[in-house]
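The next block holds one structure in the form of structure tokens; read it before the comments.
The values are calculated or read from the model by the stated rules, or taken from the named source; none is laboratory data. Small disclaimer: the values here were computed from a predicted structure and weren't measured. FYI the Cβ positions are ideal-geometry reconstructions off the backbone, even for glycines, and counts take in every protein chain you see.
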Amino acid sequence: MVDEGVYRVRFCESCTATTEEATKFHDLLRALGGMVVYGTYPGPLVIGIAVEAAEHVASFPFVESVVSVSDNSAVSGQPTPH
């Protein structure tokens with residue numbers, strides 16, 4: 001069983017707010033098995049995703065923070081493999 005969670009994602013203020021960038025983020029999120037539960041890019045989002053995948057989201061250069069909704073703990077980003 002995959003350990004899944006719900007997280008708040010905040011983006012860096014310098015993020016571009018284009019439709020293309022939003023689509024790119026949604027595609028990356030889907031590729032990691034996640035989905036947006038609430039919110040609109042580039043504003044804060046609530047996402048549902050596996051714990052390990054949340055670490056990848058936190059490592060994206062345009063993401064400021066990823067915080068667990070259940071216990072308010074920050075997720076530290078791990079380098080995304082290339």
Inset, instruction - Tell me which residues, restricted to region 47-62, are farther than 18 Å from Cys12 by Cβ and within 10 Å of the chain's Cα centre (by Cα). - result: Gly48, Ile49, Ala53
Legend entry - Only listed residue being of a type in the set (D, E, K, R), modelled with pLDDT under 85 and out of contact with any helix residue (DSSP H, G or I) (no Cβ under 6 Å at 6 or more places or on another chain), chosen from Glu55, Glu64, Glu13: Glu13
